[in-house]
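Participant: Okay, here's the structure, questions in a sec.
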Amino acid sequence: MIFTGTNAAGDTITYRDGKRYLWMLSFIPPLIPLLSYWLFLRTHNPLVTLIPFVFIFILIPLLDVLFGEDTHNPPAEVVAAMEDDPYYLRLARITVVFPWINYVALIAFFGTQELPWWSYVALLLGVGTINGGALLIGHELGHKADRLNIFFGMLANCAVGYAHFRVEHNRGHHTWVATPEDPASARFGESIYVFATRELPGAFRRGWRNEAERLTRRGEPVWSVNNEILQGFALTLVVAAILIALFGWKVAPFIVAHHFLGWYALTQANYVEHYGLLREKLPNGRYQAVEPRHSWNTNHIVSNLMTFHLQRHSDHHANPMRPYQSLRDFEDIPRLPNGYTGMFGLAAIPPLWFRVMDPKTLAWAGGDKSKLNLGDLPVNA
């Protein structure tokens with residue numbers, strides 16, 4: 001499809017989006033677990049249960065290295081036309097169903113098959129991380145203004161039991177990002193495991209507080225059917241109860257583990273997106289406005305196509321309502337050396353993470369630690 005727009009001189013600008021149909025690559029990750037189950041049922045070889053883990057943590061990072069980065073931005077004159085094209089939004093909506101299929105299929109697989117212990121671990125790590133992609137769908141749709149897209153976004157979030165995501169992310173994280181007050185912004189020198197102990201409970205508390213304040217302003221009780229978080233958790237619990245009724249209590253621990261790993265997938269994303277970055281506090285006590293330089297960016301094309309441009313995070317935080325197809329790259333911003341899943345693997349080994357990322361983060365701050373998010377650490381730490 002060709003998009004058109006008019007520049008300041010009155011000239012017509014035409015543009016063909018070369019990635020228009022490549023966004024369908026986002027369908028591939030959720031199909032990988034289904035392939036693994038099918039192969040096991042055909043071969044009964046437990047090695048095939050490693051496929052989701054290998055795909056997400058080894059193959060995608062290697063493909064990012066192989067195919068490199070895409071720094072291309074659509075012309076500003078055609079962005080409005082691209083954003084008005086319903087095709088892109090429909091793709092995001094379609095993907096809402098995939099995390100639910102994967103979740104139910106995983107629990108059914110565990111409930112009916114005998115596997116070695118390491119297969120359970122590998123599948124949970126691989127599928128849990130892939131299904132964490134439910135939150136990137138919920139993220140894209142949850143930033144829309146209309147109730148239909150918000151509803152679709154909530155459905156996606158509930159596939160991993162993260163009902164508080166939209167409330168916390170939109171009203172909390174976007175307000176306090178890259179500040180010590182934000183539990184979802186990692187501090188310099190903080191390992192992902194320490195960060196998780198702050199971020200997971202902190203995000204829930206802030207989300208609940210924000211929703212309680214919203215309902216109080218409307219004169220409604222917090223514990224009511226209009227509480228968005230309670231609505232989402234109710235759906236999550238109903239589906240879990242149905243799965244337990246079908247496959248027995250033996251699947252209950254797997255349901256909990258699946259949801260936890262979906263949450264942890266978001267924790268990993270938050271960790272790599274803002275590690276050590278800090279917004280300046282102004283004389284009036286407020287923080288400076290969010291700019292592209294307050295988020296780590298990556299243009300690695302394979303993982304970006306599979307995550308609806310989530311990794312062009314710099315533009316997203318500077319312009320939260322901009323849809324994925326028109327997110328831009330900028331020249332003077334901090335850049336990650338690989339796509340998100342490659343960085344997740346690096347973060348899992350803190351000494352390696354610190355060796356790679358601390359020099360990059362400190363260099364970005366011009367060697368001045370006072371310009372980094374240190375949390376409670378002294379500047380000379």
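Participant: Considering the range 155-173 alone, what residues qualify as being assigned to a helix (DSSP H, G or I), under 14 Å from the mean Cα position of the chain (by Cα) and closer than 19 Å to Ala212 by Cα?
Facilitator: Matches in the range 155-173: Phe165, Arg166, Glu168, His169, Asn170, His173.
Participant: Something else: Failed condition for Ala134, given (1) within 18 Å of Phe233 (Cβ to Cβ); (2) at pLDDT 95 or above; (3) buried (at least 20 other Cβ atoms within 10 Å of the Cβ), with all others met?
Facilitator: Single failed check for Ala134: (2).
Participant: Being under 27 Å from Thr298 (Cα atoms), assigned to a helix (DSSP H, G or I), touching a residue at least 24 places away in the same chain (Cβ under 8 Å) and in contact with a helix residue (DSSP H, G or I) (Cβ under 7 Å, 6 or more places away or on another chain): is that true of Ile51 here?
Facilitator: Values: under 27 Å from Thr298 (Cα atoms): yes; assigned to a helix (DSSP H, G or I): yes; touching a residue at least 24 places away in the same chain (Cβ under 8 Å): yes; in contact with a helix residue (DSSP H, G or I) (Cβ under 7 Å, 6 or more places away or on another chain): yes.
So Ile51 passes the test.
Participant: Another question about this same structure. Just the residues that are outside any helix (DSSP H, G or I) and touching a helix residue (DSSP H, G or I) at 6+ places or on another chain (Cβ under 7 Å), please, taken from the range 261-297. Before the answer, list the steps.
Facilitator: Looking only at the range 261-297, we keep the residues that are outside any helix (DSSP H, G or I), and these are 275-291, 295-297.
Tyr275, Gly276, Leu277, Leu278, Arg279, Val290, Glu291, Ser295, Trp296, Asn297 - these are the residues of the range 261-297 that are outside any helix (DSSP H, G or I) and touching a helix residue (DSSP H, G or I) at 6+ places or on another chain (Cβ under 7 Å).
Participant: Gly248 passes all but one of (1) surrounded by fewer than 23 Cβ atoms within 10 Å (Cβ to Cβ); (2) in contact (Cβ under 8 Å) with a residue 12 or more places away in the chain; (3) of a type outside the set (A, V, I, L, M); (4) on the phi < 0 side of the Ramachandran plot; which number fails?
Facilitator: Only one criterion is unmet by Gly248, namely (4).
Participant: Of the conditions (1) touching an Asp or Glu at 6+ places or on another chain (Cβ under 8 Å); (2) polar (S, T, N, Q); (3) assigned to a loop (DSSP other than H, G, I, E, B), Ser303 satisfies every one except a single condition; which number is it?
Facilitator: (3)
Participant: Follow-up question, since we're still on this one. Given the condition out of contact with any His (no Cβ under 8 Å at 6 or more places or on another chain), closer than 29 Å to His294 by Cβ and part of a helix (DSSP H, G or I), answer yes or no: does some residue in the range 253-260 qualify? Let's see the steps before the verdict.
Facilitator: Here is the first cut: in the range 253-260, the residues out of contact with any His (no Cβ under 8 Å at 6 or more places or on another chain) are 253-260.
Now drop any that are not closer than 29 Å to His294 by Cβ, which leaves 260.
If we keep only those that are part of a helix (DSSP H, G or I) too, we end up with 260.
Yes: one or more hits.
Participant: Let me ask you something else. Could you check the range 66-107 and list, in sequence order, the residues that are outside any helix (DSSP H, G or I) and among the β-branched types (Val, Ile, Thr)?
Facilitator: First, pick out the residues of the range 66-107 that are outside any helix (DSSP H, G or I): 68-75, 85, 95-96.
Correct list: Thr71, Thr95, Val96.
Participant: For residues that are of a type outside the set (Lys, Arg), without any contact (Cβ under 8 Å) to a residue 40 or more places away in the chain and either more than 28 Å from Gly133 (Cα to Cα) or part of a strand (DSSP E or B) (or both), tally how many sit in the range 15-42.
Facilitator: Residues meeting the conditions: 0.
Participant: Could I ask something else about it? Please enumerate the residues belonging to the range 126-148 that are over 16 Å from Val251 (Cα atoms), among the hydrophobic types (A, V, I, L, M, F, W, C) and in a helix (DSSP H, G or I). Give the derivation first.
Facilitator: Quick first cut of the range 126-148, residues over 16 Å from Val251 (Cα atoms) only: 126, 129-148.
Now drop any that are not among the hydrophobic types (A, V, I, L, M, F, W, C), which leaves 130, 134-137, 141, 145, 148.
Listed by number, the residues that qualify are Ile130, Ala134, Leu135, Leu136, Ile137, Leu141, Leu148.
Participant: Follow-up question, since we're still on this one. Filter the range 108-120 down to the residues that are touching a helix residue (DSSP H, G or I) at 6+ places or on another chain (Cβ under 9 Å) and either among the acidic types (Asp, Glu) or in a helix (DSSP H, G or I) (or both) and list them by number. Explain how you work it out, then say what you get.
Facilitator: First, the residues of the range 108-120 that are touching a helix residue (DSSP H, G or I) at 6+ places or on another chain (Cβ under 9 Å): 108-113, 115-116, 118-120.
If the condition is that a residue be touching a helix residue (DSSP H, G or I) at 6+ places or on another chain (Cβ under 9 Å) and either among the acidic types (Asp, Glu) or in a helix (DSSP H, G or I) (or both), then Ala108, Phe109, Phe110, Gly111, Thr112, Trp118, Ser119, Tyr120 are the ones that fit.
Participant: Output the residues belonging to the range 188-201 that are outside any loop (DSSP other than H, G, I, E, B), of a type outside the set (A, V, I, L, M, F, W, C) and in contact with a helix residue (DSSP H, G or I) (Cβ under 9 Å, 6 or more places away or on another chain).
Facilitator: Kept after step one, since they are outside any loop (DSSP other than H, G, I, E, B), are these residues of the range 188-201: 192-201.
Those left that are additionally of a type outside the set (A, V, I, L, M, F, W, C): 193, 197-199, 201.
The answer is Tyr193, Glu199.
Participant: Where the second residue is assigned to a helix (DSSP H, G or I) and among the charged types (D, E, K, R) and the first is in contact (Cβ under 8 Å) with a residue 40 or more places away in the chain and lies in the range 318-330, which pairs have Cβ atoms under 6 Å and are six or more apart or on separate chains?
Facilitator: Pro323/Glu83; Tyr324/Glu140; Ser326/Glu83; Arg328/Asp315
The values are calculated or read from the model by the stated rules, or taken from the named source; none is laboratory data. Bear in mind that the values here come from a model prediction, so they are computed numbers and not experimental data. Please note: Cβ atoms are built from the backbone with ideal geometry, for glycine as well, and neighbour counts cover all protein chains shown.
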